[in-house]
Amino acid sequence: MARLGFIGLGNIGGAIARNLLEDAHELIVHDADRERVEDLVEAGAQAAIDAADVARHSEISFLSLPTPDVVDAVAANWLEGAAAGSVLVDLSTGSPARARALGERVRAAGCELLDCPLTGGAPGAQMRILMFMVGGDVAVYERVRPVLEKIGRASFHLGDQGKGMAGKLVNSAVAFSATWASIEALALGSKAGIDLRTLVDMLRTGGAGNFYLDRMVDGIGNRGAPTQFALGLAAKDAALMLELGRETGVPTPVLAQIEQVLVSAIGAGLGDADWSDLPALMERQANLRLELPPADDGKA
């Protein structure tokens with residue numbers, strides 16, 4: 001068992017931290033929200049004063065934070081307490097360029113960084129079915145992989161520093177685009193007078209299915225779920241996709257439109273709402289209600 005640290009105990013980070021405790025790791029935690037820390041202390045963790053304190057008591061420290069700016073600030077504090085050879089694993093979604101820059105600063109201090117964003121969200125964290133996309137030195141990845149294997153279902157080492165962040169943005173680009181394209185198409189069919197359940201079955205059978213239509217669409221009418229992945233954070237991720245497109249010289253017109261959709265959601269007061277509330281934006285724009293009738297024959 002390892003001496004681990006965890007900084008950022010939100011929906012995803014808090015669930016992962018609990019799993020690390022269940023796996024009998026020695027765990028020290030920190031979060032700006034003291035109540036979150038106290039919940040983990042009750043479960044067996046030790047509380048840290050700050051990120052530097054986490055570093056002083058950890059071989060491997062994990063970050064799960066909302067933005068690259070926050071990651072940089074917390075990592076700077078972490079380095080104040082980190083011993084040579086310590087590993088910082090950034091589970092946040094960020095910029096490949098900034099991951100490379102942070103990696104240089106961490107290595108200059110004699111430590112190591114893995115950019116290790118994940119997919120699966122809070123439910124995946126709770127059920128240990130996360131997937132990790134990793135960038136950094138392969139030997140450092142092999143050191144951390146036994147921990148990742150216990151809290152997720154898969155991990156992919158995609159290359160050197162920044163490649164993990166790039167992989168996460170590519171994955172999100174497909175997911176975001178498929179979701180909104182599906183919502184648009186379903187609204188179009190609904191406005192044309194087609195029963196939504198029949199339309200979904202037709203699309204699945206006709207070969208136009210995707211992860212949203214195949215796995216997520218049955219919740220299209222749900223509203224007000226507890227926020228696991230806020231639309232405001234999704235907009236931040238979409239902006240990072242466009243940044244990667246500029247960096248690599250790849251045109252991203254579809255992603256530019258997706259970013260504007262998410263900016264519109266924020267403008268409509270949905271920035272703090274969960275990703276599952278995205279259909280509400282289309283309902284407002286198209287003046288309709290997207291609600292899927294139950295399947296009569298067990299199709300879902």
The chain: relative contact order in percent, alpha carbon pairs under 8 Å with at least 6 residues between: 13
Whole-Hz couplings from phi, Karplus 6.51/-1.76/1.60, listed for region 111-117; x for Gly and Pro: 10, 10, 10, 10, 8, 9, x
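Would you please give the FRET efficiency between Asn171 and Asp23, computed as 1/(1 + (r/R0)^6) with r the Cβ-Cβ distance and R0 = 25 Å, to the nearest 0.05? Each step should come with its number before you reach the end.
Numbers: r = 26 Å, r/R0 = 1.03.
Calculated value: 0.45.
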Residue order, fewest to most beta carbons within 10 Å, for Cys116, Cys111: Cys111, Cys116
Under-5 Å amide H pairs with Leu88, H placed in peptide plane, nonlocal only: Ser61, Glu112, Leu113, Leu114
Helix runs (DSSP H) in the chain reaching 30 Å along axis by Cα, Kyte-Doolittle at least -0.5: 163-191
Gain upon complete extension [Glu184, Ser264; 0.36 nm per residue less C-alpha separation]: 27.3 nm
Of all DSSP beta bridges in region 3-160, antiparallel share, percent nearest 5: 10
Cβ-Cβ FRET estimate between Ala32 and Gln285, R0 fixed at 25 Å, reported to 0.05: 0.10
Choice from Ala83, Ala122, Ala55 showing the highest fluctuation, given a GNM over the chain with Cα pairs closer than 10 Å: Ala83
For Ile28, distant residues with modelled amide H under 5 Å away: Leu4, Gly5, Phe6, Gln46
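Can you tally the lysine pairs in the chain where the Cα-Cα distance is under 28 Å and the two residues are eight or more apart, or on different chains? Spell out each step's value before the answer.
Values: Lys150/Lys163; Lys150/Lys168; Lys163/Lys236; Lys168/Lys236; Lys191/Lys299.
Value for the chain: 5.
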Residues Val254 and Asp218, FRET efficiency given R0 of 22 Å [Cβ-Cβ distance, rounded to 0.05]: 0.30
For Lys163, Lys236, order by how many other beta-carbon atoms lie within 10 Å, fewest first: Lys236, Lys163
The chain: most fluctuating residue of Gly162, Gly271, Gly207 per GNM, C-alpha cutoff 10 Å: Gly207
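How high is the relative contact order of region 3-160, in percent, with contacts defined as C-alpha pairs under 8 Å that are six or more residues apart?
Working: 328 pairs, mean separation 30.4, N = 158.
Computed over region 3-160, the figure is 19 percent.
Based on the Kirkwood radius over alpha-carbon pairs, what value in µm²/s does the Stokes-Einstein equation return for the translational diffusion coefficient of region 167-286 at 20 °C and 1.002 mPa s? Let's see the in-between values first.
On the way: Rh = 15.0 Å.
Stokes-Einstein gives a translational diffusion coefficient of 143 µm²/s.
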Spread of Cα-to-Cα distances over 10 Å intervals beginning at zero, given as percent, for region 227-296: 20, 41, 27, 10, 2
Residue exposure sequence - Asp214, Asp39 - by fewest surrounding Cβ within 10 Å: Asp214, Asp39
Entry for log10 I(q)/I(0) by the Debye sum over Cα atoms at q = 0.08, 0.13 Å⁻¹ (calculated from the structure that is shown) out of (1) -0.40, -1.08; (2) -0.38, -0.92; (3) -0.33, -0.88: (2)
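Where a number appears in this text, it was derived from the coordinates with a stated rule and is not lab data. Just so you know, these numbers come straight off a predicted model, no measurement behind them. So basically every Cβ, Gly included, is an ideal-geometry build from the backbone, and we count neighbours across all protein chains shown.
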